[in-house]
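Report on one structure; see the data block that follows.
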Amino acid sequence: MGSRAYLSELFSLDGLVALVTGGSSGIGRAVAGALARAGASVVVVARGEAELAATVEELARDGCRAASVRADLGTRAGVRAAAEEVAGVFGEPDILVNSAGINLRPPMGELGEDVWDATMAVNLEAPYLLGQRFGPGMAERGFGRIIHVTSQQAHRAFVQSGAYGVSKGALESLARSQAEAWSPYGVTCNTLVPGFVMTPLNARLSSDPERVAALAARTMVGRNGLAEDFAGAAVFLASRASGYVTGQSVFVDGGLSVH
């Protein structure tokens with residue numbers, strides 16, 4: 001077997017369908033692009049119509065098969081409606097990537113129920129509901145990949161972790177519970193754990209040059225993350241190559257977490 005055929009057998013996503021929430025910006029957009037370029041038919045779900053259109057247009061120019069669904073993942077009704085619309089595009093997804101998130105960080109003493117509820121709805125409940133909708137079908141078909149994008153705040157509290165950190169810690173626990181339920185049937189469930197990445201979600205910190213430099217100095221590679229740093233890890237976790245990797249938190253952080 002030649003090298004191309006071997007790598008294709010390991011990592012190709014040809015014939016698979018992927019759903020990527022938050023796929024119109026930041027890490028989600030990079031992951032959606034990576035999966036599409038690896039062969040998957042990708043449906044991108046987000047709120048911004050212009051950003052969704054730009055993402056799909058870019059992928060189409062590269063010869064990829066992609067579509068978008070505009071949705072509000074902050075309500076149960078919105079999540080359920082989005083799930084059914086997605087399933088009607090290319091069929092039931094084989095790969096579910098939960099990258100959509102909100103990053104509200106008031107001081108703990110000022111954390112109100114409105115921020116708590118909004119954070120949990122998008123960061124935790126939407127991934128749970130989408131998993132409940134698509135995970136059993138993946139298990140019945142004997143193959144599936146669920147990937148959640150979490151955060152360093154799932155493991156340590158800093159820069160006012162607040163409700164955001166709680167939601168991301170719970171999301172990693174959700175991945176383990178999903179792995180326990182569905183991995184015996186060929187469905188792996190893992191999380192990607194970013195360091196500090198220069199994305200719109202981190203606009204509050206990225207606008208402070210001193211803080212950005214300090215965070216870069218905490219890594220082992222000497223720089224902060226970029227969205228495209230997640231492409232390879234996402235393709236690996238979505239592919240057949242990761243069939244024996246499940247319930248894990250895969251750190252893509254330049255060594256920040258161990259430095």
Debye, to nearest 20: dipole size of the chain, +1 on Lys, Arg Cβ, -1 on Asp, Glu Cβ: 440 debye
For the range 1-106, the fraction of alpha-carbon pairs in successive 5 Å shells from zero, as %: 2, 14, 23, 23, 17, 9, 6, 3, 2, 1, 0, 0
Theoretical FRET efficiency, 1/(1+(r/R0)^6), r = Cβ-Cβ of ALA54 and ALA214, R0 30 Å, to 0.05: 0.40
Long-range amide H partners of PHE251 with built H, under 5 Å: VAL193
Given charges at Cβ of Lys, Arg, Asp, Glu: the range 49-108 dipole, positive-most of THR75, ALA87, THR55: THR75
Volume per residue that the Cα convex hull of the range 155-259 spans, once the total is divided by residue count, Å³: 106 Å³
Estimated vicinal HN-Hα couplings, Hz - the range 116-130 in sequence order (Karplus 6.51, -1.76, 1.60; Gly, Pro = x): 4, 5, 5, 5, 5, 4, 7, 7, 10, 5, 4, x, 4, 5, 5
Percent of C-alpha pairs per 10 Å bin, the chain, short to long: 8, 32, 38, 19, 4, 0, 0
Accessible area expressed per residue, the range 105-259, with surrounding protein chains retained (probe 1.4 Å, Å²): 45 Å²
Sulfur and carbon atoms: percent of accessible area, the range 1-115 [1.4 Å]: 49 percent
Accessible area in square angstrom per residue, the range 1-50, 1.4 angstrom probe: 43 Å²
Listed residues TYR128, MET220, ALA100: farthest to the positive end of the dipole of the range 92-223 (Cβ charges): MET220
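What is the Cα radius of gyration of the range 54-126 over 2.2 N^0.38 Å, N being its residue count?
The value comes to 1.40.
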Using θ = phi - 60° and Karplus 6.51 cos²θ - 1.76 cosθ + 1.60, couplings along the range 151-163 (whole Hz; Gly, Pro as x): 5, 4, 5, 6, 10, 8, 9, 7, 6, 6, 4, x, 5
Largest-first ellipsoid semi-axes for the range 99-180, taking √(5λ) over the Cα gyration tensor eigenvalues, angstrom: 27, 13, 8
Calculated FRET value between GLU140 and SER249, using beta carbons and R₀ = 30 Å, to 0.05: 0.65
Vicinal HN-Hα couplings computed from phi for the range 27-33 (Karplus, 6.51 cos²θ - 1.76 cosθ + 1.60; Hz; Gly/Pro x): 4, x, 5, 5, 5, 4, x
Sparsely packed chymotrypsin sites (Phe, Trp or Tyr not before Pro) within the range 127-208, loop by DSSP, other Cβ within 10 Å at most 13: PHE158
Value of relative contact order over the chain, rounded to a whole percent, pairs C-alpha under 8 Å and six or more apart: 20 percent
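The values are calculated or read from the model by the stated rules, or taken from the named source; none is laboratory data. None of these values were measured; they are calculated from a predicted model. When we count neighbours, we look across all protein chains shown, and the Cβ atoms used for this are built from the backbone with ideal geometry, even at glycine. Each accessible area value is taken on the protein alone, full model and side chains, heavy atoms only, with ligands, DNA and RNA left out. Shrake-Rupley method; radii C 1.70, N 1.55, O 1.52, S 1.80 Å.
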